[in-house]
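Report on the following structure.
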Amino acid sequence: MKFTVTGLSHKTAPVEVRERLAFDAEVLPVALRSLTARPGLLEAMILSTCNRVEISLASEESADPELAVDEFFSSTNVDPAQFRPYVYHYIGADAIRHLFRVASSLDSMVVGEPQILGQFKAAYALAREHGAASGFLETVITRAFSVAKRVRTETEIGSSAVSVSFAAVELAREIFGSLKDRAIMIIGAGKMSEAAARHLARNGVTRILVTNRTEERALEMARLFNGAVVPYTDYLTSLHEVDIVITSSGAPHYVLTREQVKRALDKRRNRPVFLIDIGVPRNIEPAVNQLENAFLYDIDDLRGVVERNVENRKQVALEAERIVEEEAARMMERLKIRAVAPTILNLQEQLETVRAGEIARARGRLGTLTKEQEEAIEQITRGIINKIAHGPISELRRNAAQADGVHVISTIRRIFRLGDE
Amino acid sequence: MMHESAIFWLRVATVLYSIGLIHAILVLVKRKTVLFRYAQPAFTAAALFHFVSIVETTMAVGRLPVDNFFEAVSLCALLISGAYLILFWRYHFASLSLFIFPLVFLMSQLGAMETPVASWPNSGVRDAWLFAHVATVLLGYVGLLVTALASIFYLVQERQLKSKRPERFFDRLPPLATLDNLITNSMTFGFVFITIGVIAGSAWAFIESGTSWIADPKIAISLFTWVFCLLMVFLRASAGLRGRKAALMAITVLGCSALTWAAHVGLRSLILR
């Protein structure tokens, strides 16, 4: 049995190439069937996301999976010259390690992002559903899921935000806990504020007030989030009702001053307020951050949080690589032990055949035997073959996980005339 | 010495004032103000009885009764309730009731303790009562301890957020809102139990040793602690006291409680007696 992973990813191929090879969900079942129909290919899984197209294959030793995948990619109407330079091909232990790294999000564009595991699970479920993944792939891939889980629980790889919008959500959570039923006000309906508002809305914020110098744009954005429009001349009157304020106004002066925020805080009896200023030049007077219970983050502050998180992830990734390495080694050991199982079985069968044959030949010469005598012969002969088998079997088991395990297997097969696997 | 009927009127006033205390506790624990409809008129009526009591004493002794602690505290309580009623009538300053109602109740309760009324039916009741006092006060202290700890965590978390350089420790602290909730709840819990404890304790001392206990400094410390605790609860409920000031206040109240506790260590001998 041979295990390989062949494909290309954001690390090797530009997006123009990736998008040509990417598979639509509808054609995946057909693709899986056409792969497993090729000679020597036993099991297959296709992982196709916007960042990678990878094919995991379990094949017979005699098969050439690299060639098979090349033919397969070529059959999808893409000029081979376009993708060949970017394709990587991993075999055995390297393939297992690669699969574990992908599932653990160590090979992702944003290391630690959580989507890849979901995509991975979906790819596996589809392969199973269409009968393309069973014994071998099942062992490796379900192990990849547990490795990903282990990486996530034992390291802090996914625990910090690495985009400005997401950092804003994380900070809001540090202040308010749940964002459910919180109210936000958007002053200046720009693209950035829209992105931040979308993240917050997705995390439970229900009440969204929008104010903008041109009211049509405010109305447009309010419709997007089921929010309400506040007249631009009047936003200070509802300032105390909201927990989060996002400003991205092109105004040349501050749209919120320390004094105005102080008044709003008094009105809301000092319940904390989170102010996100993504305007350049800044829209909120920086001295607001000196007020107790007011937390002001401008775009540089948010970028700073993101940068530290990215830096932190890099360090955590090293720890995660160690886990993947350890798990890959353990997996290989298990697979090798699995690989000697047929030889052990063959050996036992072979010896049993010899024993049964010899007893049958000698039986006529022995005359009538009592039941006890029959049993004694059975016991003695079984004892002999077990003793003979003991040495080779323990040698097989011991050497399975070693580098030269293959030679031990072939030697024993040869000595005992076990034929080809 | 207060006149006998004057004492009676003062006790009636105390009972009416107690409705105000219950209202304050209800607001803190359940965030419900339904009882205010009754507590406010009851408070007005109580102030009237209180006034009658002081007028009677004045007529009996021929001058304003400020001869001893009991008379002074009673007069002071009346002045506070009068001031509150004027503020309420003029500015409708209802949230002040949260502070005034419990304060005036306790003061008038103390004022009404000038003449001993009863003795212990047996020592079992006496000990059980004292035990109840100690237990409720200790429960109250637990509440205040949690309040102080949560306030410090709040402060740390706030500083972290303000510094804009969240450290890894930051991830392990609960969000500000959670800490804020914890502070509110533990503070309310602490206040309610300390109030019950103080009422039980003063009543116990009154029956146990008549009027002599009032000069004891440890009583003064206890009452001071309680008033401080009341002030903290009031400021938080009305003005939303949070952050540094709240943390300082919580730590001070906890410190006062520790002092009070230390001052009461002598009580053990009373229990063991």
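Provide Rg and Dmax in Å for region A:1-117, with only Cα atoms included in the calculation.
Every Cα atom of region A:1-117 included, Rg and Dmax give 13.5, 38 Å.
Under 18 Å from the Cα of A:Lys11, which aspartates and glutamates turn up, not counting those fewer than eight places away in the same chain?
Within the straight-line cut-off, A:Lys11 pairs with A:Glu19, A:Glu54, A:Asp94, A:Asp107, A:Glu113, A:Glu321.
Can you pull the one-decimal nm distance between simple spin-label points at B:Trp89 and A:Lys387, each 7 Å off the Cα toward Cβ?
About 11.6 nm, to one decimal.
Among A:Leu41, B:Leu248, rank each residue by its count of other Cβ atoms within 10 Å, from fewest to most, as a rough exposure measure.
Exposure proxy ranking, most exposed first: B:Leu248, A:Leu41.
Can you list the DSSP H helices in chain A whose Cα atoms extend at least 27 Å along the helix axis and whose mean Kyte-Doolittle hydropathy is -0.5 or higher?
Span-like helices, by this rule, are A:135-154, A:299-363.
List the relative contact order of chain A as a percent without decimals, with contacts defined as Cα pairs under 8 Å and 6+ residues apart.
12
Please find the FRET efficiency linking A:Glu216 to A:Glu326, where r is the Cβ-Cβ separation and R0 is fixed at 56 Å, and quote it to the nearest 0.05.
0.45
Write down the radius of gyration of region B:123-272 and its Dmax, each obtained from C-alpha positions, in Å.
In order Rg, Dmax, the Cα atoms of region B:123-272 give 18.0, 62 Å.
Enumerate the lysines that A:Lys336 could reach by cross-link, defined here as Cα to Cα under 23 Å, with residues fewer than 8 away along the same chain left out.
The qualifying lysines are A:Lys2.
Can you tell me the FRET efficiency between A:Arg417 and A:Glu378 if r is taken as the Cβ-Cβ distance and R0 is 30 Å, rounded to the nearest 0.05?
The calculated FRET efficiency here is 0.80.
Let a ≥ b ≥ c be the square roots of the eigenvalues of the Cα gyration tensor of region A:164-306; is it rounded (a/c under 1.5), or, if not, prolate (a/b larger than b/c) or oblate?
Rounded.
Taking the convex hull of the alpha carbon atoms in region A:333-415, what volume per residue do you get, in Å³?
Residue-normalised Cα hull volume stands at 87 Å³.
With +1 on each Lys and Arg Cβ and -1 on each Asp and Glu Cβ, and nothing else charged, work out how big the dipole of region B:4-111 is about its Cα centre, in Debye to the nearest 20.
It works out to roughly 600 debye.
Nearest 0.05, what FRET efficiency do A:Val30 and A:Glu311 give at R0 = 35 Å with Cβ-Cβ as r?
Given R0 = 35 Å and the Cβ-Cβ separation, E is 0.20.
Please state the charge dipole magnitude for chain A, taken about the Cα centre, from unit charges on C-beta atoms (+1 on K and R, -1 on D and E), reported in debye and rounded to the nearest 20.
800
Using a basic spin-label model with each label point 7 Å from the Cα along Cα→Cβ, how many nm lie between A:His253 and A:Leu67?
Result for the modelled spin labels: 7.8 nm.
Whole Å is fine, so just give me how far the alpha carbon centre of region A:223-243 lies from that of region A:371-387.
Result: 92 Å between the Cα centres.
Largest first and in whole Å, what are the equivalent-ellipsoid semi-axes of chain B based on the Cα gyration tensor, each being the root of 5 times an eigenvalue?
Equivalent-ellipsoid dimensions as semi-axes: 36, 24, 14 Å.
Rg(Cα) of region B:4-111 divided by 2.2 N^0.38 Å?
Normalised by 2.2 N^0.38 Å, the Cα Rg of region B:4-111 equals 1.06.
If you take all C-alpha pairs in region A:130-199, what percent of them are over 15 Å apart?
70
When a footprinting reagent is the concern and you count Cβ atoms within 10 Å, what order do B:Lys30, A:Lys2 take, fewest first?
Arranged by neighbour count, lowest to highest, B:Lys30, A:Lys2 become B:Lys30, A:Lys2.
Taking a virtual spin label 7 Å from the Cα of A:Arg202 along the C-beta vector, which residues in region A:221-253 bring their backbone nitrogen under 17 Å of it?
Only A:224-226 fall inside the zone, counting backbone N under 17 Å.
Given a cut-off of under 8 Å on Cα pairs at least six residues apart, what relative contact order in percent is computed for region B:65-203?
28
In debye to the nearest 20, how big a dipole does region A:140-180 give about its Cα centre with +1 on each Lys and Arg Cβ and -1 on each Asp and Glu Cβ?
260
If you line up the Cα atoms of the protein assembly as shown on their principal axes, what length do they span on each, largest first, in Å?
137, 87, 35
Determine which lysines satisfy two conditions relative to A:Lys121: a Cα distance under 16 Å, and not lying fewer than 8 residues away in the same chain.
Within the straight-line limit of under 16 Å, A:Lys121 reaches these lysines: A:Lys149.
What is the list of residues in region A:48-88 whose amide nitrogen lies under 11 Å from a point 7 angstrom out from the Cα of A:Ala22, following Cα to Cβ?
Only A:48-53 pass the distance filter.
Tell me the relative contact order for region A:164-306 as a rounded percent, counting alpha carbon contacts under 8 Å between residues six or more apart.
Computed value for region A:164-306: 23 percent relative contact order.
Laboratory data are not the source of any read-out in this text; all were calculated from the coordinates shown. Quick caveat, the model's predicted, so the values are computed rather than measured. In this analysis, Cβ positions are derived from the backbone assuming ideal geometry, glycine residues included, and neighbour counts consider all displayed protein chains.
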